[in-house]
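The values are calculated or read from the model by the stated rules, or taken from the named source; none is laboratory data. Predicted model, so just to flag it, every value in this text is computed and none were measured. Neighbour counts run over all protein chains shown; Cβ positions are idealised from the backbone, glycine included. Please note that ligands, DNA and RNA were not included when accessible areas were found on the heavy atoms of the full protein model with its side chains. Shrake-Rupley method; radii C 1.70, N 1.55, O 1.52, S 1.80 Å.
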Amino acid sequence: MRWILRGLGLLAAVAIALAVWVASGNASGPNVEGTLSFKGLDEPVEVLRDGNGIPYIFAKSTPDLIRAQGFVTAQSRIFQLEAYRAIALGRLAEAVGEGGLASDREMRTIGLRRNAERHAMLLTPEAREFLGWYAQGMNAYIEGHSGDLPVELRLAGFKARSWSLEDMVMVLHIVNWSQAANYKAELLMQQLIDKLGAEKARDLFPVNTNPERTRPLGWTARAADLPWLGVAASRQLAAADVAPIALGSNNWAIAPQRAASGAAVLVNDPHIDARLLPGIWFPVGLFSPEVRAVGAALPAVPGILVGRNAQVAFGVTNAYGDSQDLFIEQLAPGQSDHYMDGDIVRPFARTVERIRIKDGKAAGGFREEELVLRRTVRGPIVSDKPLGEQGDKLLSLRMMSAELPAGGIGIDRLLMAKDAAEVDLAVQQMTLMYFNFVFVDKAGVIGHRASGAVPIRRSGQGIHPKPVQAEDDWAGVIPPDQMPGQMAPRRGWVATANQDTRPDNYPFDYSSFFSPSYRFERIAQVLDAGKGLGTADHTRLMMDSKNLQVPRLLPAILDALKTVPEQAELVAVLSAWDGRDNADQAAPLIYQRLYQRIAYETFVDELGEPLATQYLRSWYSWQALFDQRVHQPQWAWFDDQRTPQVESLPDIIRRSATQVRADLVAAHGSDPKAWRWGAEHRIQFDSPLRRKGFGREWLGRPPQAMGGSGETVLRARTEFMDGFGVQFFASLRLVADMADDQKVMAVLSGGAVERQFHPHQKNQLDPWFAGELLPWWFDRQAIESHAVQRQTLMPAAR
């Protein structure tokens, strides 16, 4: 969504938006009362909406239920739907201009549309039917109710068009791309190799730890496998945002013996950049003779991804399964249009793409850019010029999403799952999406399974680009039932927080890119000690700001500064701190500023400012490694190569403290006790109509102080050394207690309806900030009693 955000920053002024709104009735939103005709329905469908605008759909068959879900989603989220499709097609610049061009180049280069079309042809009849029902519903709204479309669509330059099966699959591939852009992590590692050489670069490769594992799972890389490529010379690679995707989340489940209700409980809070209102998730209740479910869906994806049905509940975190590899391709001698595939000379497959760009200075309001693409048998070439010492290398990108076998999508089976074992089987069908599913059932069984197709690598690693070998490095995929997971653990709980979940002796290279385990360890502390846990306890844990990184790093900071008189006030504040990253405290601000500065000073002397910043922006690449090395104060990287003396960690801490104190005094005054974490650690929500300038805060929500950090269960991650504006946070909080058949308790960081000025665009933000949950109803009688809007969707004459 970053490219949408940049492009939408250039949209019309507030006055124009207001004028269009007055003319269009945008604030009243879509027509959600009375009777609407619906082409494609078999029988009437009833839609009830509660006081938060959450739709509950009642149909007489599952096909009509999913059709109605597509219709209702389009009513409330048509702008998001068209934005996702524009991104996937590589046609964002056509709507928003230059701001979408980089995204379009990337989507065209990787061939996302081509991969989706191939995948759609291989889907089972059941999966094609399931996606097709949803598309029928969206199309019924788009084609039959064009006068009901929102102002955002027109202002952004998007046009609502009918959706095909391929479009539906394409959105699933966008989800895949947002989770699995591991090639950017590999590209970052190659930049380290180019800068430092193979031996020294390996010192900075990621360290992955699992606190539940008794021995490390290592990998080996020979220096010969780490050649210099000079990727910085490639305009295309240099322009890439090499900080890998760093979505996060927490989920956990407790068995009946730990629950106050005596039934299993599922908890989930997915961490996404959802600052653009109304947020990522669409809340919905789905009811038919075969289905009874409530939870959160992704627009354009039928069913629910987080929530419960009559027998099971499930939630997700990003699993970071490594499904992408960069390969070093060798140009054929004397043939720049051919490459070597082992001993075989092959021609590049070549296509030409034309990107249409909105441009007010061009004739007709648009200009075109030609993009020449080349492919090998492994995938698209992502470097635009030859690399390596001899200028005879290129980088290709191999993606599992381009090689998926025939099969289903799994999401449909979640709706119907009757127990934990059936959820596990449904997750194993999800070859395209890389989630850690945690789930529970009515019988009290709890479990975890990672989804997605991950290749088995003969090289044993996917951490950096690798030369093409005569024998294919990919030797099949990890069997779905051998993906990381567990069922009915004896301790009575299971949790994931983007940490490495591989157990001892795990035989496969599942991934090399995980979150440090601080959030998981804090969840484990609470759940291990927990008995009689209720919804309020789980809500408190989701809002928990205890930072378990602090006891590991703070002693080194205090020890280095205790003999520095001018830092006595900082030492006093930090010494009295309880390690909670609360917005109303001074210590978290001092600590987080110090931590980032110490890391920067450690690496900038040898990496240089641009590469050091890129490396440090990729938190999961360095954080666990660095935090381990703090206990080795003589680590060679703490020595500043720019000075004649040899520095150690205490020297770097003292130097950093001098700069941090000066910066904080300039920003917040001379009294450290008066500083506050929330003065800098703030979050702002924006309307797609106005992300900058006058009217931004009115149309969105003004900046607000927020506790937590990247290391706390209350996730509030920021960009490295770019202020402390919160970017990744809980886009949804949900608790599903299997003893409660009336409701789940949940809240969104926004609302249900995307339309500007609509009362349900951002109405859930107040309880979200307060750490409160709202009832999402699951019982027909409760839904009826809380319904404030009623609509009947009637089959149109065929």
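In nm, to one decimal, how far is the modelled label at Arg780 from the one at Glu569, with both set 7 Å along Cα→Cβ?
Taking the two extended label points, one gets 6.7 nm.
Tell me, rounded to the nearest percent, the portion of alpha carbon pairs in segment 634-678 spaced more than 14 Å apart.
58 percent
With 20 Å as the cut-off, how large is the P(r) tail for segment 77-162, expressed as percent of Cα-Cα pairs?
Distances greater than 20 Å cover 45 percent of the Cα pairs.
Between Gln742 and Gln704, take the C-beta separation as r, use R0 = 51 Å, and let me know the FRET efficiency to the nearest 0.05.
Plugging the Cβ-Cβ distance into 1/(1 + (r/R0)^6) gives 0.95.
Whole number please: convex hull volume per residue of the Cα set in segment 458-567, in Å³? Mind dumping the intermediate values first?
Numbers: hull volume 22.0 nm³, N = 110.
Taking the convex hull of the Cα positions in segment 458-567, it is 200 Å³ per residue.
Okay, helix-only estimate at 222 nm for the chain: each DSSP H run of n ≥ 4 adds -39500 (n - 2.57), divide by all residues, round to 500 deg cm²/dmol; what do you get?
About -10000 deg cm²/dmol.
Ignoring ligands and nucleic acids, what accessible area does Asp343 show with a 1.4 Å probe (Å², nearest 10)?
So the heavy atoms of Asp343 present about 150 Å² to solvent.
Sticking with the crude label model, points 7 Å out along Cα→Cβ, report the distance from Glu290 to Val646 in nm, one decimal please.
Distance between label points: 7.1 nm.
Semi-axes of the equivalent ellipsoid for segment 392-433, please: Cα gyration tensor eigenvalues, times 5, square-rooted, ordered largest first, whole Å.
33, 9, 6
Once neighbouring chains are kept in place and the probe is 1.4 Å, which whole percent of the accessible area of segment 590-697 is contributed by carbon and sulfur?
After summing per-atom areas, the C and S share lands at 50 percent.
Just the Cα atoms of segment 322-454, one point each, no solvent: what log10 I(q)/I(0) does Debye give at q = 0.21 Å⁻¹?
-1.11
Translational D (Stokes-Einstein, µm²/s) of segment 661-702 at 20 °C and 1.002 mPa s when Rh comes from the Kirkwood sum over C-alpha pairs?
175 µm²/s
Return the distance in nm (one decimal) between the two label points of a simple spin-label model at Ser336 and Phe769, each offset 7 Å from Cα along Cα→Cβ.
With each label point 7 Å from Cα toward Cβ, the separation is 5.8 nm.
Mean Kyte-Doolittle of at least -1.0 plus a Cα span of 18 Å or more along the axis: flag which DSSP H helices in the chain meet both, please.
Passing helices, by number: 62-89, 125-144, 165-180, 183-196, 587-607, 649-668.
Which aspartates and glutamates, if any, have their Cα less than 14 Å from the Cα of Lys673, not counting same-chain residues under 8 positions apart?
Glu569, Asp584
Expressed in whole Å with the largest first, what are the equivalent ellipsoid semi-axes of segment 608-672 derived from the C-alpha gyration tensor as the square root of 5 times each eigenvalue? Numbers along the way, then the final one.
On the way: eigenvalues 107, 59, 35 Å².
Semi-axes (√(5λ), whole Å): 23, 17, 13.
Could you sort Asp273, Asp167 by accessible area so the largest value comes first, with the probe set to 1.4 Å?
Final ranking, largest accessible area leading: Asp273, Asp167.
How big is D, in µm² s⁻¹, for segment 578-626 by Stokes-Einstein at 10 °C and 1.306 mPa s if Rh is the Kirkwood radius over C-alpha pairs?
Working: Rh = 11.9 Å.
My calculation gives 133 µm²/s for D.
Accessible area, 1.4 Å probe, largest first: how do Ser656, Ser336, Ser164 sort?
Order by accessible area, largest first: Ser336, Ser164, Ser656.
To one decimal place, what orientation-averaged projected area in nm² is obtained for the convex hull of the Cα set of segment 365-420? The partial results should precede the final answer.
Working: hull surface 36.8 nm².
Over all viewing directions, segment 365-420 projects a mean Cα-hull area of 9.2 nm².
Give the accessible surface of the chain per residue, rounded to a whole number of Å², with probe radius 1.4 Å and ligands, DNA and RNA excluded.
Result: 35 Å² per residue.
Can you give the accessible area of Met745 in Å² (nearest 10), computed on protein heavy atoms with a 1.4 Å probe?
40 Å²
Can you return the lysines within cross-link range of Lys184? Criterion is Cα-Cα under 30 Å, with same-chain partners fewer than 8 residues away left out.
Lys195, Lys200, Lys358, Lys385, Lys393, Lys466, Lys692
Normalise the Cα radius of gyration of the chain by 2.2 N^0.38 Å (N = residues in it) and let me know the number. Mind showing how you got there, number by number?
On the way: Rg = 26.3 Å, N = 798, 2.2 N^0.38 = 27.9 Å.
Normalised Cα radius of gyration, the chain: 0.94.
Antiparallel as a % of all DSSP beta bridges within the chain, to the nearest 5?
Counting only bridges with both partners in the chain, antiparallel ones make up about 85 percent.
Stick to Cα atoms and the Kirkwood definition of Rh, then tell me Rg/Rh for segment 661-798.
1.10
Calculate, in nm to one decimal, what Thr214 and Asp663 gain on full extension: separation in residues at 0.36 nm each, minus their alpha carbon distance.
157.4 nm
Once the piece of chain linking Glu46 and Asp481 is laid out straight, how much longer is it, given 0.36 nm per residue of separation minus the C-alpha distance between them?
Contour length minus Cα-Cα distance gives 152.6 nm.
For Leu122, Leu229, give me the order by solvent-accessible area with a 1.4 Å probe, most accessible first, ignoring ligands, DNA and RNA.
On the way: Leu122 55, Leu229 5 Å².
Of Leu122, Leu229, the descending order of accessible area is Leu122, Leu229.
Given Cβ point charges of +1 (Lys, Arg) and -1 (Asp, Glu) and nothing else, what value in debye, to the nearest 20, does the dipole of the chain about its Cα centre take?
Its charge dipole is roughly 960 debye.
For segment 605-645, what is the Kirkwood estimate of the hydrodynamic radius, computed as the reciprocal of the mean inverse distance between distinct Cα atoms, to one decimal in Å?
About 11.4 Å, per the Kirkwood formula over Cα pairs.
How big is segment 119-167 by Rg and Dmax over its Cα atoms, in Å?
For segment 119-167, the Cα-based Rg and Dmax read 13.4, 39 Å.
Let me check the size of segment 396-500 from its C-alpha atoms; what are the radius of gyration and Dmax in Å?
According to the Cα coordinates of segment 396-500, Rg and Dmax are 15.9, 52 Å.
Within segment 494-534, find all residues whose amide N lies under 14 Å from a label point positioned 7 Å from the Cα of Ile456 along Cα-to-beta-carbon.
Zone members listed by number: 507-510.
Rounded to a whole number, what is D in µm²/s for segment 73-231 from Stokes-Einstein with the Kirkwood radius over alpha-carbon pairs (37 °C, 0.692 mPa s)? Don't skip to the end; give the middle numbers.
Values: Rh = 19.0 Å.
In µm²/s, the coefficient is 172.
Just need log10 I(q)/I(0) for segment 271-367 at q = 0.10 Å⁻¹, Debye formula, equal scatterers on the alpha-carbon atoms, no solvent, rounded to two decimals.
-0.71
Given Cα positions, please report Rg to Rh for segment 72-113, the hydrodynamic radius being the Kirkwood one.
Checking Rg against Rh, the ratio lands at 1.06.
Between Thr124 and Met721, what is 0.36 nm times their sequence separation minus the Cα-Cα distance? Round to one decimal in nm.
210.2 nm
After finding the eigenvalues of the alpha carbon gyration tensor for segment 673-736, what semi-axes result from the square roots of 5 times each, listed largest first in whole Å?
Values for segment 673-736, descending: 21, 18, 11 Å.
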